[in-house]
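**Q** Below is one structure. I have some questions about it.
The values are calculated or read from the model by the stated rules, or taken from the named source; none is laboratory data. Note that the structure is a prediction, hence the values are computed from the model and not measured. With ideal geometry, Cβ positions are generated from the backbone for all residues, glycine too; neighbour counts draw on all protein chains shown. Surface areas here come from the heavy atoms of the whole protein model, side chains and all, with no ligands, DNA or RNA. Shrake-Rupley method; radii C 1.70, N 1.55, O 1.52, S 1.80 Å.
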Amino acid sequence: MKKIKFNLTGKIVLLVLIAFVLIQFIPVHMSNPSTSPSKDFLHTYQPPSEITDMMRNACYDCHSNATQFPWYANVAPVSWLLESHIDEARAHINFSEWGDYPEKLTNLKLEGMAAEVKSGGMPLTSYTWMHSKARLTDAQRTQLADYFRSLQPGN
């Protein structure tokens, strides 16, 4: 039986391949916590359908407990990045838990959401690369930002 010899490049490729397979066993916690639908932003405000569609397409995957995890969410190291992004996004604003926020906080969040959407800070460009429905036109950004502002007291 002939023994296979690996040069340095072959050894490196083999080690990288083995490491890639092994990291698939590191668990990630991709889940959608259960929440009461009555606390959801869309249930609370019942926005027009075009606003609802924009929010579902551009916001809800990261900023709610209704994330639609893509197939690549199960492949490390991408899964680690997604888990981190979603956890961070939900910590900033979670539309599924909107009803739990005190009124003062909702007003601050609405103001921040309007500014982020209008400026192009949200949705993240890296998210829109893989999710074409999340790409908002300037007119949609204005419409969504204006809607968020309209929900603030005094507007």
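**Q** With each label point set 7 Å from Cα along the Cα-Cβ vector, what nm distance links A66 and Q143?
**A** The two pseudo-label positions are separated by 1.8 nm.
**Q** How much accessible surface area, in Å² rounded to 10, belongs to the heavy atoms of F20 with a 1.4 Å probe?
**A** Ignoring ligands and nucleic acids, F20 comes out at about 90 Å².
**Q** Quote the Stokes-Einstein diffusion coefficient, in whole µm² s⁻¹, for segment 72-155, based on the Kirkwood radius over alpha carbon pairs, a temperature of 10 °C and a viscosity of 1.306 mPa s.
**A** Calculated translational D: 111 µm²/s.
**Q** Same structure again: Largest first and in whole Å, what are the equivalent-ellipsoid semi-axes of segment 13-65 based on the Cα gyration tensor, each being the root of 5 times an eigenvalue?
**A** 39, 15, 5
**Q** Here's a follow-up. At a Förster distance of 22 Å, what's the computed FRET efficiency of L124 paired with A19, Cβ-Cβ distance as r, to 0.05?
**A** Efficiency, from the Cβ-Cβ distance: 0.20.
**Q** Let me ask another. For segment 63-101, run through the GluC sites (Glu not before Pro) and keep only the ones in DSSP coil with at most 11 other Cβ atoms within 10 Å of their Cβ.
**A** Listed in order of number, the matching sites amount to none.
**Q** Follow-up. At 1.4 Å probe radius, can you tell me the per residue accessible area of the chain in Å²?
**A** With all protein chains present, the chain gives 66 Å² per residue.
**Q** Could you compute the FRET efficiency for I12 and D87, with r as their C-beta to C-beta distance and R0 at 35 Å, rounded to 0.05?
**A** 0.60
**Q** Rounded to the nearest 10 Å², what accessible area does K11 have for a 1.4 Å probe in the complete protein model?
**A** 110 Å²
**Q** Tell me the volume per residue, in Å³, of the convex hull enclosing the alpha carbons of the chain.
**A** Per-residue hull volume (Cα only) is 149 Å³.
**Q** Now for a separate question. For K39, list the aspartates and glutamates whose Cα falls under 12 Å from its own Cα; do not include residues on the same chain fewer than 8 positions away.
**A** Output for K39: E97, D100.
**Q** Per the Kirkwood formula on distinct C-alpha pairs, the Rh of segment 63-103 is how many angstrom?
**A** Computed over Cα pairs of segment 63-103, the Kirkwood hydrodynamic radius comes out at 11.1 Å.
**Q** For segment 99-155, give the percent of accessible area contributed by carbon and sulfur heavy atoms, probe 1.4 Å, rounded to a whole number.
**A** Of the solvent-accessible surface of segment 99-155, carbon and sulfur hold 56 percent.
**Q** Over all distinct Cα pairs, what is the inverse of the mean 1/r for segment 1-90, reported as the Kirkwood hydrodynamic radius in Å?
**A** In segment 1-90 this quantity evaluates to 16.4 Å.
**Q** Next up: What are the aspartates and glutamates whose alpha-carbon lies under 20 Å from the alpha-carbon of K104, with same-chain residues fewer than 8 places away excluded?
**A** Those aspartates and glutamates meeting the cut-off are D40, E116, D146.
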